[in-house]
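Have a look at the structure below before the remarks.
The values are calculated or read from the model by the stated rules, or taken from the named source; none is laboratory data. As the structure is a computational prediction, the values presented were derived from the model and not from experiment. Here Cβ is always computed from backbone atoms with ideal geometry, including for glycine, and neighbour counts include all displayed protein chains. Quick note on the areas: whole protein, heavy atoms, side chains included, nothing else; ligands and nucleic acids left out. Shrake-Rupley method; radii C 1.70, N 1.55, O 1.52, S 1.80 Å.
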Amino acid sequence: MKYDFETVRKRFNTGSKKWGEMKNFGVKESEDIIPFSVADMEFVTPPEIVEAIKRELDVSIMGYENPTPEYLDTVCSWMKDKHNWDARPEWILPSHGVVDAFFQTVKTYTNEGDGVMLMTPVYYPMYHAVNFNRRTLVDNQLVNKGDHYEIDFDDFERKASDPNTKMLILCSPHNPAGRVWTREELERIGNICLKHGVLVVSDEIHFDLIMPGHVHTVYASISEEFAQNCLVLTAPSKTFNVAGLQTSNIFIPNPELREKFLSSLKLSNPNPKCNILGYVACEAAYKHCGEWLNECLKVIDSNRKAVCDFMAREFPAVKVYDLEGTYLLWMDFNDLGLDYRELERINHEEARLFFDEGYVFGKQGEGFERWNLACPSRYIHEALERMKSAYKNYV
Ligand SMILES: Cc1ncc(COP(=O)(O)O)c(C=O)c1O
């Protein structure tokens with residue numbers, strides 16, 4: 001490996017959300033607990049990004065910045081080279097984050113009471129975007145096949161055809177299910193949404209994190225009709241571990257939808273702007289960090305394999321879902337026969353491990369754990385040892 005994926009950096013008591021938020025869940029603050037929760041990486045950020053930021057700091061003027069033409073072209077080149085998508089610079093609106101962006105889309109394109117469809121269980125801020133804005137949650141539950149999830153298209157179409165359903169927030173790849181939707185699945189989704197006038201907001205933040213044997217399709221790349229009826233939300237933040245720089249790129253190919261988004265954004269923020277270092281990081285990442293990403297995916301895949309092998313050997317009752325994309329492994333502990341709160345307690349108090357508990361992704365997630373694999377392998381091996389001794393009394 002050319003790059004470093006093994007250095008462990010202390011993040012306890014440094015302001016890291018992942019390490020700090022454990023106390024909100026009643027976990028006694030202690031450096032010995034290992035968190036595998038919030039979706040950022042424990043890997044050091046690629047050196048090309050760090051160097052680019054240092055060069056920017058040497059200029060020593062941290063004024064307001066707009067995205068330069070070179071920045072926009074670089075983002076489009078990444079979409080073309082990595083995702084075979086011909087995106088245009090004028091479609092891009094930089095934003096502070098994908099969550100900000102999907103909250104804004106709900107406010108812009110729907111009214112109070114309107115239906116917004118989610119494919120659940122799903123990334124929990126999507127529920128918040130619907131509920132906090134007093135929209136109606138339209139719940140299209142994914143079908144649990146034991147080791148992967150599928151879409152219930154009959155239910156999907158029934159719900160999309162309700163005239164009150166105005167929007168789908170599509171999680172693609174899907175967090176926490178780990179699915180990379182196939183082109184055929186996306187075509188079915190898109191055709192139903194076009195037929196019934198449902199706007200598609202495609203959150204593709206995990207789109208570069210695709211496991212061997214799978215191919216991600218950008219929703220808007222499928223057809224011109226799809227492109228004109230969607231927003232695509234992207235960011236370098238998950239891919240290159242720069243989430244704290246809060247820079248993402250929202251693509252709105254349809255000029256009317258784009259205008260509407262900008263007008264509504266102006267009500268809360270008349271002069272939207274992003275972080276100067278975020279632009280620098282994104283440009284450096286998309287220009288220079290392809291090789292880093294390839295190596296990173298190998299490390300994630302090897303961590304995945306270590307967990308899967310261990311579970312198959314030690315706890316065959318735990319179902320581990322296929323990881324097609326993201327670095328978030330979804331696991332079902334229900335067959336251990338433990339109440340989901342007891343499962344959480346054992347993890348925290350006995351194993352001294354902190355996962356994202358499945359119930360935060362919806363009721364179907366009770367008894368599941370979401371395991372963030374983007375970390376040095378020694379964390380994984382330590383966690384597996386701890387699980388082995390903590391769970392021996394319960395299986
Ligand atoms: C599906 C999905 N969307 C958005 C985000 C967060 O996006 P941002 O940090 O750009 O707001 C996450 C983070 O885990 C995610 O999994």
Under 10 Å, Cα contacts only: if you run a Gaussian network model on the chain, which one of Lys107, Lys145, Lys287 comes out with the highest mean-square fluctuation? Lys145
Mind telling me which of Asp58, Asp40, Asp86 comes out most flexible in a GNM of the chain, alpha-carbon contacts under 10 Å? Asp58
Name the residues whose placed amide hydrogens come within less than 5 Å of the amide hydrogen of Phe368, ignoring near sequence neighbours (fewer than 5 apart) on the same chain. Phe333, Gly358, Tyr359
In whole percent, what relative contact order does region 49-288 give with Cα contacts below 8 Å and a gap of six or more residues? 26 percent
Whole-Hz Karplus couplings 3J(HN,Hα) for region 161-177, θ = phi - 60° and coefficients 6.51, -1.76, 1.60, Gly and Pro as x, run 7, 5, x, 6, 7, 10, 8, 10, 9, 9, 9, 9, x, 8, 10, x, 5
Provide the FRET efficiency to the nearest 0.05 for the Asn294-Glu350 pair, computing r from the beta carbons and using R0 = 56 Å. 0.90
Calculate, in nm to one decimal, what Ser264 and Lys287 gain on full extension: separation in residues at 0.36 nm each, minus their alpha carbon distance. 5.0 nm
Between Pro376, Pro67, Pro173, which gets the highest mean-square fluctuation from a Gaussian network model of the chain, Cα cutoff 10 Å? Pro67
Solvent-accessible area per residue, Å², over region 49-288 with all protein chains present [probe radius 1.4 Å]: 42 Å²
Antiparallel %, DSSP beta bridges [both residues in region 49-288], to 5: 30 percent
Taking R0 as 45 Å and r as the Cβ-Cβ distance between Asn393 and Ser161, the FRET efficiency 1/(1 + (r/R0)^6), rounded to the nearest 0.05, comes to 0.30
Mind scanning Lys10/Lys82; Lys305/Lys392; Lys23/Lys388; Lys17/Lys107; Lys2/Lys80 and naming the pairs with a C-alpha gap bigger than 29 Å? Lys10/Lys82
Whole-Hz ³J(HN,Hα) from phi, Karplus 6.51 cos²θ - 1.76 cosθ + 1.60, for region 320-331, glycine and proline x: 9, 7, 4, 9, 8, x, 6, 10, 10, 8, 9, 9
Show me, for region 237-247, the HN-Hα J-couplings you get by feeding each phi into the Karplus relation (A = 6.51, B = -1.76, C = 1.60, θ = phi - 60°), rounded to Hz, glycine and proline as x. 5, 6, 4, 10, 6, 10, 4, x, 8, 6, 9
For the chain, what % of the accessible area comes from carbon and sulfur atoms, probe 1.4 Å? 49 percent
Extension gain (nm, one decimal) between Asp154 and Leu336, 0.36 nm per residue minus Cα-Cα: 62.3 nm
Taking R0 as 45 Å and r as the Cβ-Cβ distance between Met62 and Glu256, the FRET efficiency 1/(1 + (r/R0)^6), rounded to the nearest 0.05, comes to 0.80
Roughly how big is the chain's charge dipole about its Cα centre, with Cβ charges of +1 (Lys, Arg) and -1 (Asp, Glu), in debye to the nearest 20? 600 debye
